[in-house]
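Trainee: This is the structure, below, for whatever I ask next.
The values are calculated or read from the model by the stated rules, or taken from the named source; none is laboratory data. Small disclaimer: the values here were computed from a predicted structure and weren't measured. Every residue, glycine as well, gets a Cβ built from its backbone with ideal geometry; the counts of neighbours run over all protein chains shown.
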Amino acid sequence: MAGERKPWEQKLHEAGTRVEEDLKRLVTYINDEVVPDVRRNGSEALKAAAAELHRLAEKMDDRRIPPPPPPPPPPGTGS
């Protein structure tokens, strides 16, 4: 009787086994399909992100309010 499992224990063990198998398939998929594509197109994605960041920085610069001019020197300072 020690080798027998209760029904809920058996179901839990089976679910754990399925999850483990699914994770192994997911890791294989990521390694075989996703990683090579990211390596091929990664530099293009970075270049596009850099261009967008540059555009946003220019937009921020355009919206920046120029600092007020310095106050005139007080009278009688010789300037």
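Residue-wise test of (1) at pLDDT below 90; (2) surrounded by 10 or more Cβ atoms within 10 Å (Cβ to Cβ); (3) in contact with a strand residue (DSSP E or B) (Cβ under 8 Å, 6 or more places away or on another chain).
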{"position": "VAL19", "(1), (2), (3)": "no, yes, no"}
{"position": "LEU23", "(1), (2), (3)": "no, yes, no"}
{"position": "TYR29", "(1), (2), (3)": "no, yes, no"}
{"position": "ASN41", "(1), (2), (3)": "yes, yes, no"}
{"position": "ALA49", "(1), (2), (3)": "yes, yes, no"}
{"position": "GLU52", "(1), (2), (3)": "no, yes, no"}
{"position": "ARG63", "(1), (2), (3)": "yes, no, no"}
{"position": "PRO69", "(1), (2), (3)": "yes, no, no"}
{"position": "PRO73", "(1), (2), (3)": "yes, no, no"}
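Trainee: I would also like to ask the following. Could you please find all residues in region 1-17 being exposed (fewer than 10 other Cβ atoms within 10 Å of the Cβ) and assigned to a helix (DSSP H, G or I)? Walk me through how you get there before you give the answer.
Mentor: As a first pass, look at region 1-17 and keep what is exposed (fewer than 10 other Cβ atoms within 10 Å of the Cβ): 1-4, 6-8.
Correct list: PRO7, TRP8.
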